[in-house]
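Engineer: Below: one structure in structure tokens.
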């Protein structure tokens, strides 16, 4: 498959994805990048480690910036704390060159990603404790709805970066 065709397919997938699918895609991308970071550490590829880790940090930062802290209440607060923790840990990767760090962050992100995937697939509400309030940057706040929180995961974010 040519690069242009793959890029077109990716763009189409983003344009037609539901809000829950977009958030799941962001989590999946962060996890992929953390796996790349881990492999690069194991292989001794310093530049690749740095690049993948920096991109993973960008994705986590994007997730943090799209939290609707006004409407999201405790859930948004907890996710914000989780994202801050992950960003602090990932900042240590280049200094420590420790493959355990990305591995541990993957373990934190996978259950959340799986919940978003289930929501996107089934269209069923998440349990209240897992409900989130991601929104588009610049989007007006709206009431928190357990059935389909509205993230703008792709708004201005480059998944292939």
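Engineer: How about region 113-135: which of its residues are at pLDDT 95 or above and either buried (at least 19 other Cβ atoms within 10 Å of the Cβ) or on the phi > 0 side of the Ramachandran plot (or both)? Full working, then the answer.
Structural biologist: Step one: of region 113-135, the residues at pLDDT 95 or above are 113-114.
Passing the criteria: only 113.
Engineer: Tally up the residues in region 49-67 that are in a loop (DSSP other than H, G, I, E, B) and modelled with pLDDT of 95 or more, please.
Structural biologist: Applying the first criterion (in a loop (DSSP other than H, G, I, E, B)) to region 49-67 yields 66.
Those left that are additionally modelled with pLDDT of 95 or more: none.
Adding up the residues that qualify gives 0.
Engineer: Also: If I ask for residues that are farther than 18 Å from residue 111 by Cβ, touching a residue at least 40 places away in the same chain (Cβ under 8 Å), surrounded by fewer than 21 Cβ atoms within 10 Å (Cβ to Cβ) and touching a helix residue (DSSP H, G or I) at 6+ places or on another chain (Cβ under 7 Å), which ones from region 25-54 would you list?
Structural biologist: 50
Engineer: Given the conditions (1) buried (at least 21 other Cβ atoms within 10 Å of the Cβ); (2) over 14 Å from the mean Cα position of the chain (by Cα); (3) modelled with pLDDT of 95 or more, report the number of the one that residue 89 does not fulfil.
Structural biologist: If we test residue 89 against (1) buried (at least 21 other Cβ atoms within 10 Å of the Cβ); (2) over 14 Å from the mean Cα position of the chain (by Cα); (3) modelled with pLDDT of 95 or more, just (1) comes out false.
Engineer: Ok, one more. Surrounded by 16 or more Cβ atoms within 10 Å (Cβ to Cβ), in contact with a helix residue (DSSP H, G or I) (Cβ under 9 Å, 6 or more places away or on another chain), modelled with pLDDT of 95 or more and closer than 24 Å to residue 123 by Cα: does that describe residue 22?
Structural biologist: Values: surrounded by 16 or more Cβ atoms within 10 Å (Cβ to Cβ): yes; in contact with a helix residue (DSSP H, G or I) (Cβ under 9 Å, 6 or more places away or on another chain): yes; modelled with pLDDT of 95 or more: no; closer than 24 Å to residue 123 by Cα: yes.
No, not satisfied.
Engineer: How do the pairs read when you match residues in region 56-84 that are without any contact (Cβ under 8 Å) to a residue 12 or more places away in the chain and on the phi > 0 side of the Ramachandran plot with residues anywhere that are in a helix (DSSP H, G or I) and crowded, with 16+ Cβ neighbours inside 10 Å, using Cβ under 9 Å and keeping only pairs 6 or more apart or on different chains?
Structural biologist: If the second residue must be in a helix (DSSP H, G or I) and crowded, with 16+ Cβ neighbours inside 10 Å, no pairs are left.
The values are calculated or read from the model by the stated rules, or taken from the named source; none is laboratory data. The shown structure was predicted, so the numbers you read here are calculated from the model rather than taken from an experiment. Don't worry about glycine lacking a Cβ; one is built from the backbone with ideal geometry, like all the others, and counts go over all protein chains shown.
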